[in-house]
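The structure appears right after this line, and notes come after that.
The values are calculated or read from the model by the stated rules, or taken from the named source; none is laboratory data. These figures come from a predicted structure and were not determined experimentally. In this analysis, Cβ positions are derived from the backbone assuming ideal geometry, glycine residues included, and neighbour counts consider all displayed protein chains.
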Amino acid sequence: MRSLISKTVLWASLMAVVLLVAACAPPATPTPTNTIQGIVWQWMSVTDQTTKVTTTVPNPENYTIVFNADGTLNGKADCNTFTGTYSQENGLIIKLGASSMAYCGDASLDQVYTQLLGNIVAGGPDGAGNLALETAGGAQRMLFKNGGAAPKQ
(Lines give C-alpha, C1' and ligand atoms only; values in the text may rest on other atoms or scores of the structure.)
Protein backbone atom coordinates (compact mmCIF):
# COMPACT_ATOMS: atom_id res chain seq x y z
CA MET A 1 0.00 0.00 0.00
CA ARG A 2 2.82 2.35 0.92
CA SER A 3 4.40 1.72 -2.52
CA LEU A 4 1.13 2.65 -4.27
CA ILE A 5 0.86 5.89 -2.27
CA SER A 6 4.51 6.76 -3.07
CA LYS A 7 3.95 6.16 -6.77
CA THR A 8 0.77 8.29 -6.72
CA VAL A 9 2.56 11.14 -4.93
CA LEU A 10 5.49 10.87 -7.34
CA TRP A 11 3.12 10.86 -10.35
CA ALA A 12 1.18 13.89 -9.03
CA SER A 13 4.44 15.77 -8.35
CA LEU A 14 5.72 15.01 -11.83
CA MET A 15 2.48 16.25 -13.41
CA ALA A 16 2.63 19.45 -11.33
CA VAL A 17 6.17 20.13 -12.55
CA VAL A 18 5.15 19.51 -16.19
CA LEU A 19 2.18 21.87 -15.87
CA LEU A 20 4.34 24.51 -14.18
CA VAL A 21 6.95 24.34 -16.95
CA ALA A 22 4.25 24.55 -19.64
CA ALA A 23 2.70 27.58 -17.95
CA CYS A 24 6.06 29.38 -17.89
CA ALA A 25 6.87 28.70 -21.54
CA PRO A 26 6.72 31.70 -23.88
CA PRO A 27 3.50 32.02 -25.89
CA ALA A 28 3.41 30.62 -29.39
CA THR A 29 4.65 33.01 -32.03
CA PRO A 30 1.68 34.40 -33.95
CA THR A 31 1.52 33.83 -37.67
CA PRO A 32 3.18 36.85 -39.28
CA THR A 33 0.92 39.20 -41.18
CA ASN A 34 1.76 40.59 -44.58
CA THR A 35 4.00 43.51 -43.65
CA ILE A 36 3.51 45.52 -46.86
CA GLN A 37 -0.29 45.74 -46.65
CA GLY A 38 -2.28 48.62 -45.21
CA ILE A 39 0.57 51.15 -45.33
CA VAL A 40 0.89 54.29 -47.45
CA TRP A 41 4.31 53.71 -49.00
CA GLN A 42 6.01 56.91 -50.16
CA TRP A 43 8.58 56.69 -52.97
CA MET A 44 11.94 58.08 -51.81
CA SER A 45 14.40 57.09 -54.52
CA VAL A 46 15.33 54.84 -57.41
CA THR A 47 18.79 53.41 -57.96
CA ASP A 48 20.08 52.19 -61.31
CA GLN A 49 22.06 49.16 -60.18
CA THR A 50 24.24 49.19 -63.30
CA THR A 51 25.48 52.77 -62.94
CA LYS A 52 24.88 53.03 -59.17
CA VAL A 53 23.18 56.39 -59.80
CA THR A 54 20.42 57.18 -57.31
CA THR A 55 17.65 59.65 -58.11
CA THR A 56 16.04 61.11 -55.00
CA VAL A 57 12.35 61.96 -55.17
CA PRO A 58 11.93 65.57 -54.00
CA ASN A 59 8.37 65.10 -52.69
CA PRO A 60 7.77 61.44 -51.67
CA GLU A 61 4.27 62.18 -50.33
CA ASN A 62 3.16 62.80 -53.94
CA TYR A 63 4.21 59.32 -55.10
CA THR A 64 2.49 56.65 -53.04
CA ILE A 65 1.28 53.08 -53.23
CA VAL A 66 -0.99 51.10 -50.89
CA PHE A 67 -1.19 47.29 -51.05
CA ASN A 68 -4.60 46.07 -49.86
CA ALA A 69 -5.30 42.67 -48.30
CA ASP A 70 -7.63 41.70 -51.18
CA GLY A 71 -4.83 41.89 -53.80
CA THR A 72 -5.76 45.36 -55.05
CA LEU A 73 -3.60 48.46 -54.85
CA ASN A 74 -4.04 52.17 -55.21
CA GLY A 75 -1.75 55.14 -55.21
CA LYS A 76 -0.79 58.59 -56.29
CA ALA A 77 1.62 59.56 -59.07
CA ASP A 78 2.04 63.30 -58.44
CA CYS A 79 -1.21 64.92 -59.64
CA ASN A 80 -2.65 61.59 -60.84
CA THR A 81 -4.15 58.61 -59.03
CA PHE A 82 -4.10 54.96 -60.05
CA THR A 83 -5.46 51.56 -59.09
CA GLY A 84 -4.37 48.04 -59.92
CA THR A 85 -3.66 44.59 -58.57
CA TYR A 86 -0.64 42.77 -57.24
CA SER A 87 0.49 39.23 -56.55
CA GLN A 88 3.20 37.97 -54.21
CA GLU A 89 3.38 34.54 -55.80
CA ASN A 90 6.81 34.00 -57.34
CA GLY A 91 8.04 37.50 -56.46
CA LEU A 92 5.95 40.65 -56.48
CA ILE A 93 4.07 41.50 -59.64
CA ILE A 94 2.20 44.79 -60.01
CA LYS A 95 -0.44 45.30 -62.69
CA LEU A 96 -1.57 48.89 -62.97
CA GLY A 97 -5.18 49.48 -63.94
CA ALA A 98 -7.21 52.66 -64.16
CA SER A 99 -5.36 55.94 -63.85
CA SER A 100 -6.08 59.60 -64.21
CA MET A 101 -3.87 61.13 -66.90
CA ALA A 102 -3.49 64.84 -66.11
CA TYR A 103 -0.36 66.72 -67.13
CA CYS A 104 1.59 67.26 -63.90
CA GLY A 105 4.34 69.50 -65.29
CA ASP A 106 7.78 69.04 -66.79
CA ALA A 107 9.44 68.39 -63.40
CA SER A 108 7.00 65.62 -62.49
CA LEU A 109 8.21 62.04 -62.11
CA ASP A 110 4.71 60.61 -62.62
CA GLN A 111 5.51 58.85 -65.91
CA VAL A 112 8.80 57.42 -64.58
CA TYR A 113 7.04 56.25 -61.41
CA THR A 114 4.21 54.39 -63.11
CA GLN A 115 6.56 52.91 -65.71
CA LEU A 116 8.82 51.55 -62.97
CA LEU A 117 5.87 50.15 -61.00
CA GLY A 118 4.66 48.32 -64.10
CA ASN A 119 8.03 46.57 -64.37
CA ILE A 120 8.37 45.37 -60.76
CA VAL A 121 9.09 41.66 -60.33
CA ALA A 122 10.36 41.48 -56.72
CA GLY A 123 10.09 43.34 -53.48
CA GLY A 124 9.44 43.44 -49.79
CA PRO A 125 10.61 44.96 -46.53
CA ASP A 126 14.27 45.98 -46.57
CA GLY A 127 14.93 45.27 -42.89
CA ALA A 128 15.13 48.97 -41.98
CA GLY A 129 11.39 49.67 -42.01
CA ASN A 130 11.32 50.60 -45.69
CA LEU A 131 9.97 48.83 -48.76
CA ALA A 132 12.26 47.94 -51.67
CA LEU A 133 10.86 47.05 -55.10
CA GLU A 134 12.99 45.82 -57.99
CA THR A 135 12.63 45.44 -61.72
CA ALA A 136 13.86 42.32 -63.56
CA GLY A 137 17.40 41.37 -62.68
CA GLY A 138 17.44 44.06 -60.00
CA ALA A 139 18.25 46.66 -62.67
CA GLN A 140 16.24 49.38 -60.92
CA ARG A 141 15.65 49.44 -57.16
CA MET A 142 12.86 51.66 -55.84
CA LEU A 143 12.92 52.55 -52.15
CA PHE A 144 9.79 53.59 -50.22
CA LYS A 145 9.35 54.88 -46.68
CA ASN A 146 6.42 54.10 -44.41
CA GLY A 147 4.04 57.05 -44.61
CA GLY A 148 1.67 55.65 -41.98
CA ALA A 149 -1.42 53.51 -41.96
CA ALA A 150 -3.60 53.62 -45.04
CA PRO A 151 -7.13 54.96 -44.60
CA LYS A 152 -9.70 52.19 -44.18
CA GLN A 153 -11.55 51.39 -47.40
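Set side by side, the residues Ala69, Ala98, Ala132, Ala122 differ, and just one is aliphatic (A, V, I, L, M) and not in a strand (DSSP E or B), which is Ala69. Residues of the stretch 50-66 that are assigned to a loop (DSSP other than H, G, I, E, B), at pLDDT 95 or above and either over 23 Å from Ser100 (Cα atoms) or of a type outside the set (A, V, I, L, M, F, W, C) (or both): Thr51, Lys52, Pro58, Asn59.
Among the residues of the stretch 140-153, those that are surrounded by fewer than 13 Cβ atoms within 10 Å (Cβ to Cβ) and either at negative phi or at pLDDT below 95 (or both) comprise Ala149, Pro151, Lys152, Gln153.
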